[in-house]
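Asker: If you scroll down you'll find the structure; I have some questions about it.
The values are calculated or read from the model by the stated rules, or taken from the named source; none is laboratory data. What you see is a predicted model; the values in this text were computed from it and never measured. Note: ideal-geometry Cβ built from the backbone for every residue, glycine included; neighbour counts use all protein chains shown.
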Amino acid sequence: MNLEGIIAIAGKPGLYKIVSRSMKGLLVESLIDGKRIPALATHKISALEDISMYTYEEDVPLKEIFPKIYEVQGGKKVENPKASNEELEGLFEKVLPDFDRERVYASDLKKLFAWYNLLHENDYFEEVSAPTEDAEIIEESDDTEDKK
């Protein structure tokens, strides 16, 4: 899953896609409503590709977690990303069984599932299933070349 160019801005709702860069900051587009706003150097900006979740072993990046949520949800959105803490922990345990319960808070899970739903609404998960079809085509072409 490619999360390049997708950011979160502290104090602002949702996720943003980087449209362009300038000397003073970034021009970003909201994934919620499509509005473009400047993200200045004074804003606290986090790139989704740099964010990971704590586990007891090693941290797991979001680019590996989102496809797992997609798989657990059967390709559907999370019904209630603001459910009770116990429900969210139960769902996340199916996705990442060894997550660190002391360092991953319920607020982190609410944000994670809300972000997942935003990415799902904006069709970022169509990429997850596409490579398998391409891989089959490549394998078939390799077989035909061997026969020549």
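Asker: For residue 107, indicate whether it is within 22 Å of residue 12 (Cα to Cα) and not assigned by TED's automatic domain parsing to the domain that holds residue 10. Give the steps one after another, and end with the answer.
Answerer: On the way: within 22 Å of residue 12 (Cα to Cα): yes; not assigned by TED's automatic domain parsing to the domain that holds residue 10: yes.
Considered against the rule, which asks whether it is within 22 Å of residue 12 (Cα to Cα) and not assigned by TED's automatic domain parsing to the domain that holds residue 10, residue 107 comes out as yes.
Asker: Going through 70, 56 one at a time, which residue ends up being surrounded by fewer than 13 Cβ atoms within 10 Å (Cβ to Cβ), aromatic (Phe, Trp, Tyr) and touching a residue at least 40 places away in the same chain (Cβ under 8 Å)? Step through it out loud before you land on a result.
Answerer: Values: 70 fails: surrounded by fewer than 13 Cβ atoms within 10 Å (Cβ to Cβ).
Going through 70, 56 in turn, the sole match is 56.
Asker: Follow-up. Restricting attention to segment 89-96, does a residue exist that is in contact (Cβ under 8 Å) with a residue 24 or more places away in the chain and part of a helix (DSSP H, G or I)? Show your work before the answer.
Answerer: First pass over segment 89-96, keeping only residues in contact (Cβ under 8 Å) with a residue 24 or more places away in the chain: 95-96.
If we keep only those that are part of a helix (DSSP H, G or I) as well, we get 95.
Yes: one or more hits.
Asker: Among 137, 69, 65, which is the only one that is modelled with pLDDT under 90, more than 16 Å from residue 8 (Cα to Cα) and not charged (D, E, K, R)? Steps first, please.
Answerer: On the way: 69 fails: modelled with pLDDT under 90; 65 fails: modelled with pLDDT under 90.
Checking each option against the conditions leaves just 137.
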